[in-house]
Amino acid sequence: MKMEFRRKLPTPQELKEQYPVSARIRALKEERDRVIENIMKGEDTRMLLVIGPCSADHEDPVLEYIGRLARLQEEVLDQIYIVPRIYTNKPRTVGTGYKGMLHQPDPEKKEDMLGGIIAIRNLHMRAAEECGFTCADEMLYPENHRYLSDLLSYVAVGARSVENQQHRLVSSGIGIPAGMKNPTAGDLGVMMNSIIAAQSPHTFLYRGWEVSTPGNPYAHVILRGYMDRYGRSHPNYHYEELRNVQRLYEERELANPAIIVDTNHCNSGKNYEEQIRISKDVLHSRRHSDDLRKLVKGLMIESYLEDGCQGIHEHTFGKSITDPCLGWEKTRKLVLDLAEDWKR
């Protein structure tokens, strides 16, 4: 076996004991979890908006961005419930490049997994303490979820992970909504199977333990577009696609049917400014169907302080070093427009 075992990392329990959350954060998470669950159940009719940088690359600009979101949340609270994206793991299609703060707490230095697990916990704790948000992260590595399980209110399972057994089983026991993205090739049956698995109870091996889970009734669809065999992007947010997912839900009789539309990735062809048009198109579709008004719960938007993206060594404050994002001025205007449109 050609692996170098470099050092043993602390368990999630040990890390939580070393960096404990306050009573205020525990109460905040409980409150926010309840609101998000109510949105998923349809008891709260506000839009769920999962929004933020493609990847959380540096602590200071991420917290500056989330602080602005907190002030914007106050303006749109009656229509929109914001869950900031603090994505600390970054899937890489060919395995190379920046893999996120978990791997590299400083993107310009070498991998440091111990520094990474401390950095991501600290960042999520600061977002809660300073900005009043418990946030979303991608569950790229299921065995690492428990490092943040007392801080997260939403989890996404990515297009490359959604077929994986471990992701599906762990999603069944995390106790918060899990958005299951359609796979990169676009097979909606695969996505629906992942939701069935996540909503079901299981017994399996996790972090050296035999564990049992009750099933997650808030596992749901995220539509993110797809690639064909020639590498071309195709969207799946249009009215007809949304109605097709409605049919798939009805055939399977799943709990709490819900769709979140990811406005970037293959839906936009990674043209980040298209997120504005796509967001409004989705809301237009909802207005033309009472069924979709109930089914489409919200949007996922990639947004940061500055428009576009940059190289790792360019150092523009608050500009993505992975996929391009909407800058703050466009983001603020879009969110205010969406608040106006949501309940029309």
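Bear in mind that the values in this text are calculations on the coordinates, not laboratory data. Note that the structure is predicted; figures quoted are calculated from it, not measured. Cβ: placed from backbone, ideal geometry, glycine included. Neighbour counts: every protein chain shown.
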Determine ³J(HN,Hα), in whole Hz, for all residues of region 187-202 in sequence, where each value follows from phi through the Karplus function 6.51 cos²θ - 1.76 cosθ + 1.60 and θ = phi - 60°; x replaces Gly and Pro.
-> 5, 6, x, 4, 4, 5, 4, 5, 6, 4, 4, 5, 7, 9, x, 8
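With an 8 Å Cα cut-off and a minimum separation of 6 or more residues, compute the relative contact order for region 18-108 in percent.
Values: 89 pairs, mean separation 25.1, N = 91.
For region 18-108, the relative contact order is 28 percent.
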Pair residue 290, residue 68: separation of 7 Å Cα→Cβ label points (nm) = 4.1
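For region 127-213, what relative contact order do you get, as a whole percent, if you take Cα pairs closer than 8 Å and at least 6 residues apart? Present the calculation step by step, with values, prior to reporting the outcome.
Values: 126 pairs, mean separation 20.5, N = 87.
Relative contact order of region 127-213: 24 percent.
May I ask for the longest run of the chain untouched by chymotrypsin sites (Phe, Trp or Tyr not before Pro) that are loop-located per DSSP and have at most 16 neighbouring C-beta atoms (other than their own) within 10 Å? Kindly include the intermediate steps, with their values, before the conclusion.
Values: sites that count: 5, 98, 230, 317.
Excluding the exposed sites themselves, the longest stretch runs over 99-229.
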Among 65, 172, 28, pick out the residue whose Cα is farthest towards the positive end of the charge dipole of the chain, where Lys and Arg carry +1 and Asp and Glu carry -1 on C-beta, about the Cα centre.
-> 172
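Once you keep just the Cα pairs under 8 angstrom separated by 6 or more residues, what percentage relative contact order results for the chain?
Working: 676 pairs, mean separation 57.1, N = 344.
Normalised by residue count, the contact order of the chain is 17 percent.
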Hey, what do the phi angles of region 41-56 turn into as Karplus ³J(HN,Hα) couplings, whole Hz, using 6.51/-1.76/1.60 and θ = phi - 60°, x for Gly and Pro?
-> 7, x, 7, 10, 9, 6, 6, 8, 10, 9, 9, x, x, 3, 9, 7
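Kindly flag which residue pairs out of 16/294; 41/99; 29/297 have an alpha-carbon separation exceeding 32 Å in this structure. Don't skip to the end; give the middle numbers.
Details: 16/294 38 Å; 41/99 34 Å; 29/297 20 Å.
Going by Cα-Cα distance, 16/294; 41/99 fall outside the 32 Å limit.
Can you give the helix-only mean residue ellipticity at 222 nm for the chain, where every DSSP H stretch with n ≥ 4 adds -39500 (n - 2.57) and the sum goes over all residues, rounded to the nearest 500 deg cm²/dmol?
Values: 10 runs with 131 residues, N = 344.
Mean residue ellipticity at 222 nm (helix-derived): -12000 deg cm²/dmol.
With a 10 Å Cβ neighbour count serving as the proxy for reagent exposure, in which order, fewest first, do 121, 146 appear?
Values: 121 21, 146 17.
Ordered from fewest to most neighbouring Cβ atoms within 10 Å, 121, 146 come out as 146, 121.
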What order do you get for 297, 16, 280 when you list them from fewest to most C-beta neighbours inside 10 Å?
-> 280, 16, 297
Name the GluC sites (Glu not before Pro) in region 262-333 that are in a loop by DSSP and that have at most 12 other C-beta atoms within 10 Å, would you?
-> 314
What's the center-to-center distance, using Cα atoms, between region 1-40 and region 302-344 in Å?
-> 27
Once you charge only the Cβ atoms, +1 for Lys and Arg and -1 for Asp and Glu, what is the size of the charge dipole of the chain about its Cα centre, to the nearest 20 debye?
-> 480
Farthest toward the dipole's positive end in the chain, which of 140, 322, 52, given Cβ charges of +1 (Lys, Arg) and -1 (Asp, Glu) about the Cα centre?
-> 140
For residue 309, list long-range residues whose amide hydrogen, built 1.01 Å from N in the peptide plane, is under 5 Å from its own amide hydrogen.
-> 325
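Order by neighbour count: 276, 195, fewest other Cβ atoms within 10 Å first, most last. Display every interim value, and only then the final one.
Details: 276 19, 195 27.
Going from least to most buried by this count: 276, 195.
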Just in region 51-109: which GluC sites (Glu not before Pro) are loop by DSSP and have at most 14 other Cβ atoms within 10 Å?
-> 108
